[in-house]
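Trainee: Starting off with a structure, shown below.
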There are 2 protein chains.
Amino acid sequence: MGRRVVIIGGGAAGASAAARARRLDPEAEITLLEKGPFISHAPCGIPYYVGGVVKDAQELAIYTPEEFARERRINVKINTEVFDIDVKNQVVLAREGGSVVKYQWDVLVIATGAKPIVPPVEGNELNGILTLRLPHEAPRLREEVERASTVAVVGGGYIGLEMAEALRNLGKKVLLFEMMPHVLPTTFDEDMAKLVHEELVRNGVELHLNEKVVGFRGVNGHVNKVVTEKGEYTVDKVVLGVGVRPDTELAEKAGLRLGETKAVWVNEYMETSVPNIYAAGDVAETWNLITGKRTYVALAPAANKMGQVAGANAVKGRFLKFPGVLGTAITKVFNLYVARTGLTERQAREEGFKPISATIKARTTAHYYPGGVQVTIKMIADESSGRVLGVQIVGPDKIVAGYIDIAAALIGKGATIDDVFFADLSYAPPTAPVWHPLITAARVLSKGKY
Amino acid sequence: MGRRVVIIGGGAAGASAAARARRLDPEAEITLLEKGPFISHAPCGIPYYVGGVVKDAQELAIYTPEEFARERRINVKINTEVFDIDVKNQVVLAREGGSVVKYQWDVLVIATGAKPIVPPVEGNELNGILTLRLPHEAPRLREEVERASTVAVVGGGYIGLEMAEALRNLGKKVLLFEMMPHVLPTTFDEDMAKLVHEELVRNGVELHLNEKVVGFRGVNGHVNKVVTEKGEYTVDKVVLGVGVRPDTELAEKAGLRLGETKAVWVNEYMETSVPNIYAAGDVAETWNLITGKRTYVALAPAANKMGQVAGANAVKGRFLKFPGVLGTAITKVFNLYVARTGLTERQAREEGFKPISATIKARTTAHYYPGGVQVTIKMIADESSGRVLGVQIVGPDKIVAGYIDIAAALIGKGATIDDVFFADLSYAPPTAPVWHPLITAARVLSKGKY
């Protein structure tokens, strides 16, 4: 009999772990336990379903449970909620329909993901206060907001901004509340976030910055008012986008150590503090490639890779190492693409660097070639070493994704301003100016060296 | 009196050298000698003028000579052709209008660029056989081809392909001759070039591969036939796109050493074999970042950077070093973007690596997000070290430029397959699949490790 691998959670990390374990160990008995009806899911697509870009919520998952089970010979159990991990006896207990089922494991992978944060304020239990988590909940979410005329979005992070766009696409009046002075407060510097503010306002979003939500009021158990430090606003629905926290309930019950970020502590092999138990994805913490410090990012690409590492190591021992993250991320806000990697200028200062920065505007094609647009790039470097620490880019063209990934590739390999200047990037009049916008940013940042 | 810096050639490298020297030495007397009427020119834009995308040939230059002279306090001499360098007396001799003018130099930068290769075949002197070199010649080129109904393009390199597209845009019948079995013979592998063949044929280009042009025939001194090993073709004009060679005539006369590539030998400071003489741009050789071997690439981004290094060092001594190139390049062939960096699989083998490669097709957005297209990526690595040696990408979306530059950034920093897999690239449903296409290529290349 093969090694018994049990994976709790069928999202990005769990499905990746299962697939990888199967690929590396044809003999293993692999069981994937998922509490919802979908696997290989991620919340990233939900705003596009709500906004009408994606028609069928089932499309948001990459595989159906049946395909995944058949093609990879994995025992997939959907609608199966694990409620306890018995570490001593190497068993998990799950509710399936009306009954409790036990799964014996030799190796366990915890991939329970993250939960939307619900602010601990008065009225937060009212109906009509909505969160995004799982794709199968998306149709209900859409139904709820479709009936509304005014919707409050609380929180100006990626999900908040994407939901604001989705709701405007549905013709709703949208009030966006952010308690910090700018949207994307933890991932962007204020100067760059201001470009996003303009785009939001241009597209009819009523923007409330520096305005903390302190409560909700309702009628008949349904929300009808958002209360902030500054006033009260009548709304029909509220969408929460104030971030997520790792869903560590099971892990804590099983006695696993949490890290300083409150996510499950793991080492680079995705091993937890308990032998034979791995954790991966949004439930686990990771570390920043620049600072080496522990960090928590709930982003699908990292979850997938952590899942690969956990799945590989579950069957092969210490076979793969996860190197860490830069927190590279992108979102589309109406017509703007908004992307970042590494440290913001503020973070760099907080981390003890002496940051210098340059912000430039550059065209995406040769000056004479039609169709080019202007993008804004902020590049941050450490003054003493010249090491590039972070980049933020905002512009109305999908090429922003390419640019941020070039920056992430360079920063991930420890590039300095010199390295960016000399990076051998491509040029043709229809695709770039002869001085690539990132190279232009590096030139300005070099203070006259280039 | 400041140091006298004389720069021969006002193209990309020469103009960059002049600008950089001025920036780093406010006292220097800087003279830029250009034989044509434009400065900061490059031939890259000519096909877009010929094809009608760009309306005014003057737009192809970045600065007018007057702006450049005024804003940077540079003595710009257009229509001034240097015909001799007197090394002993540190003087160059130039023809300006009817007279000969001498320019004294303390430091000299040679940036005479490259010349189109004219195949040494019978009839190559006939009228109607056209080459691309300088933007101010573009209007004449366009006039010539406008009168034609059938045009032969000889050579399937970047310029040949771009001219084929331009000519089709003008409604011409186009015959493209390539002596090798595939287009882009020195920069792409055959499997990837085949995708370009399909696009050419789909757009009405009559493709003649494996067919060497052995001569031209004419009537009244004007070409009217292309003669190949396989037959004769009646045409009205011929456009040569068989490559360029460094314009080393002046450098050789001055006794400068040429390198093994027949371009002017330079070290990483852009110093030539003669003290106080620098060379930069398409006249100079460079070296490959992967193999360390001398190479010749006539590409504008490298020319600009070599110019920067030469200009800086001309006034500051050994201030900047040019690290070398990967030969990153992109071209647009009708609706396809065609890009490459590093070594092809064939080159990798010739260089003594044991290359492995993977070719994948991937979508440019999440599977459920509309507007995504399919791109084809070939990734080549060294089997023993895992080092990525080269990438080729073909697809109908400008994001191909972003992808090739990510690859170039990674390869330039010595990335392995592992590094590509773990590169923290961005993801959002409108901008990428959750497994970035380059990461998918690295996974396939890892042969099951990922």
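Trainee: Once you compute Rg and the Kirkwood Rh from C-alpha atoms, what is the Rg to Rh ratio for the range A:2-88?
Mentor: Numbers: Rg = 14.1 Å, Rh = 13.6 Å.
My calculation of the ratio gives 1.03.
Trainee: Which whole-number percent is the relative contact order of the range A:336-445 (Cα, under 8 Å, 6+ apart)? Could you put the intermediate results ahead of the total?
Mentor: Working: 237 pairs, mean separation 36.0, N = 110.
Computed over the range A:336-445, the figure is 33 percent.
Trainee: Return, for the Cα atoms of the range B:407-450, the radius of gyration and Dmax in Å, separated by a comma.
Mentor: 10.6, 30
Trainee: At most 16 other Cβ atoms within 10 Å and a DSSP loop assignment: could you name the GluC sites (Glu not before Pro) in the range A:91-168 that fit?
Mentor: On the way: sites: A:E96, A:E122, A:E125, A:E137, A:E143, A:E144, A:E146, A:E162, A:E165; in loops: A:E125.
Here the GluC sites (Glu not before Pro) that fit, given the DSSP loop and packing criteria, are A:E125.
Trainee: Also, quick follow-up: State, to one decimal in nm and shortest first, how far the label point of A:L170 sits from each corresponding label point in the other identical copies (label point: 7 angstrom along Cα-to-Cβ).
Mentor: Once sorted, the set of distances for A:L170 reads 5.5 nm.
Trainee: Classify the range B:196-251 from the C-alpha gyration tensor, please: rounded if a/c falls under 1.5, else prolate or oblate depending on whether a/b exceeds b/c. Don't skip to the answer; put the middle values down first.
Mentor: On the way: a/c = 2.11, a/b = 1.21, b/c = 1.74.
Oblate, because a/c is 1.5 or more while a/b does not exceed b/c.
Trainee: Quick one: Cα convex hull volume of the protein assembly as shown, Å³ per residue?
Mentor: Numbers: hull volume 156.2 nm³, N = 900.
About 174 Å³ per residue, rounded to a whole number.
Trainee: Rounded if a/c is under 1.5, else prolate if a/b beats b/c, else oblate: with a ≥ b ≥ c from the C-alpha gyration tensor eigenvalues square-rooted, which is the range B:344-406?
Mentor: On the way: a/c = 3.12, a/b = 2.56, b/c = 1.22.
Prolate, since a/c reaches 1.5 and a/b exceeds b/c.
Trainee: Another question, if that's okay. Can you list, bin by bin at 10 Å, the percent of alpha carbon pairs in the range B:118-242, starting at 0?
Mentor: Once binned at 10 Å, the Cα pair distances of the range B:118-242 give 14, 48, 33, 5, 0.
Trainee: Please report Rg over Rh for the range A:1-157, where both radii come from the alpha carbon positions and Rh follows the Kirkwood definition.
Mentor: 1.03
Trainee: Which of rounded, prolate, oblate describes chain B, given a ≥ b ≥ c as roots of the alpha-carbon gyration tensor eigenvalues and a/c under 1.5 marking rounded, otherwise prolate only if a/b is larger than b/c? Before the final figure, lay out the partial values.
Mentor: On the way: a/c = 1.84, a/b = 1.22, b/c = 1.50.
In terms of gyration-tensor shape, oblate.
Trainee: Could you tally up the Lys pairs in the range B:248-331 with alpha carbons closer than 19 Å? Skip any pair fewer than 8 positions apart unless they're on separate chains. Walk me through the intermediate numbers first.
Mentor: Values: B:K253/B:K262; B:K262/B:K293; B:K293/B:K305; B:K293/B:K321; B:K305/B:K316; B:K305/B:K321.
Qualifying lysine pairs in the range B:248-331: 6.
Trainee: Next question, about the same structure. Across the range B:277-388, what fraction of all alpha-carbon pairs, as a whole percent, falls in each successive 10 Å bin from zero upward?
Mentor: Distribution as computed: 12, 31, 28, 21, 7, 1 percent.
Trainee: Going by how many other beta carbons lie within 10 Å of each one, how would you line up B:H208, B:H41, fewest first?
Mentor: On the way: B:H208 22, B:H41 27.
Final ranking by Cβ density, sparse to dense: B:H208, B:H41.
Trainee: If neighbour count is taken as other Cβ atoms inside 10 Å, put A:I129, B:I399, B:I360 in order from fewest to most.
Mentor: Values: A:I129 22, B:I399 26, B:I360 17.
With the sparsest Cβ surroundings first, the list reads B:I360, A:I129, B:I399.
Trainee: Same structure, new question: Contact order normalised by length for chain A, with contacts defined as Cα pairs under 8 Å and 6 or more residues apart; what percent is it? Don't skip to the end; give the middle numbers.
Mentor: Details: 1107 pairs, mean separation 63.2, N = 450.
It comes to 14 percent, rounded to a whole number.
Trainee: Taking a label point 7 Å out from Cα toward Cβ, give me the nm distances from B:P120 to the same spot in the other copies, shortest first, one decimal.
Mentor: Listed shortest first, these distances are 8.5 nm.
Trainee: If you count the DSSP beta bridges with both ends in chain A, what percent of them are antiparallel, to the nearest 5?
Mentor: Working: 55 of 90 bridges.
Of those bridges, close to 60 percent are antiparallel.
Trainee: Something else about it: Tell me, what is the Rg over Rh of the range A:152-201, with Rh the Kirkwood radius over Cα pairs? Walk me through the intermediate numbers first.
Mentor: Numbers: Rg = 10.4 Å, Rh = 10.9 Å.
Rounded to two decimals, Rg over Rh is 0.95.
Trainee: Still on this structure, please answer the following. Which percent of Cα pairs goes in each bin when the distances of the range A:336-445 are cut into 5 angstrom slices starting at zero?
Mentor: 2, 14, 24, 26, 18, 9, 4, 2, 0
Trainee: Along Cα-to-Cβ, 7 Å out, sits the label point; list in nm, shortest first, how far the one on A:T64 is from those in the other copies.
Mentor: 6.7
Trainee: Further, regarding this structure: Enter the per residue convex hull volume of the range A:222-353, computed from alpha-carbon coordinates, in Å³ rounded to the nearest integer.
Mentor: Working: hull volume 23.8 nm³, N = 132.
Hull volume normalised by residue count: 180 Å³.
Trainee: Quick one: Cα centre-to-centre distance for the range A:370-414 and the range B:271-342, in angstrom?
Mentor: Answer, in whole Å: 23.
Trainee: Tell me the relative contact order for the range A:118-242 as a rounded percent, counting alpha carbon contacts under 8 Å between residues six or more apart. Before the final figure, lay out the partial values.
Mentor: Details: 247 pairs, mean separation 46.0, N = 125.
Relative contact order of the range A:118-242: 37 percent.
Trainee: Continuing with this model, one more query. For chain A, with a Gaussian network of springs between Cα atoms less than 10 Å apart, report the residue from A:G14, A:G371, A:G52 with the top mean-square fluctuation.
Mentor: A:G371
Trainee: What is the minimum Cβ-to-axis distance for chain A, in whole Å, where the axis maps A onto B, and to which residue does it belong?
Mentor: Measuring from each Cβ to the axis, the minimum is at A:G402, 1.
Trainee: Give the total of Lys-Lys pairs in the range A:1-135 with Cα-Cα distances below 20 Å; include a pair only if its members are 8 or more places apart or on different chains.
Mentor: On the way: A:K35/A:K77; A:K35/A:K102; A:K35/A:K115; A:K77/A:K102; A:K88/A:K102.
Eligible lysine pairs with Cα atoms under 20 Å apart amount to 5.
Trainee: Cross-link partners among lysines for B:K230, C-alpha distance below 25 Å, same-chain residues fewer than 8 apart left out?
Mentor: B:K172, B:K173, B:K194, B:K212
Trainee: Now, a different point. How about the range A:8-93: which GluC sites (Glu not before Pro) there are in a DSSP loop, with at most 14 other Cβ atoms within 10 Å of their Cβ?
Mentor: On the way: sites: A:E27, A:E29, A:E34, A:E59, A:E66, A:E67, A:E71, A:E81; in loops: A:E27, A:E34.
Counting only loop positions with at most 14 other Cβ atoms within 10 Å, the GluC sites (Glu not before Pro) in the range A:8-93 are A:E27.
A short reminder: the numbers here are calculations on the coordinates, not readings from a lab. Only a predicted model underlies this, so the values are computations on that prediction, with no experimental measurement involved. Heads up, the Cβs are rebuilt from the backbone with ideal geometry, glycines too, and the neighbour counts pull from every protein chain shown.
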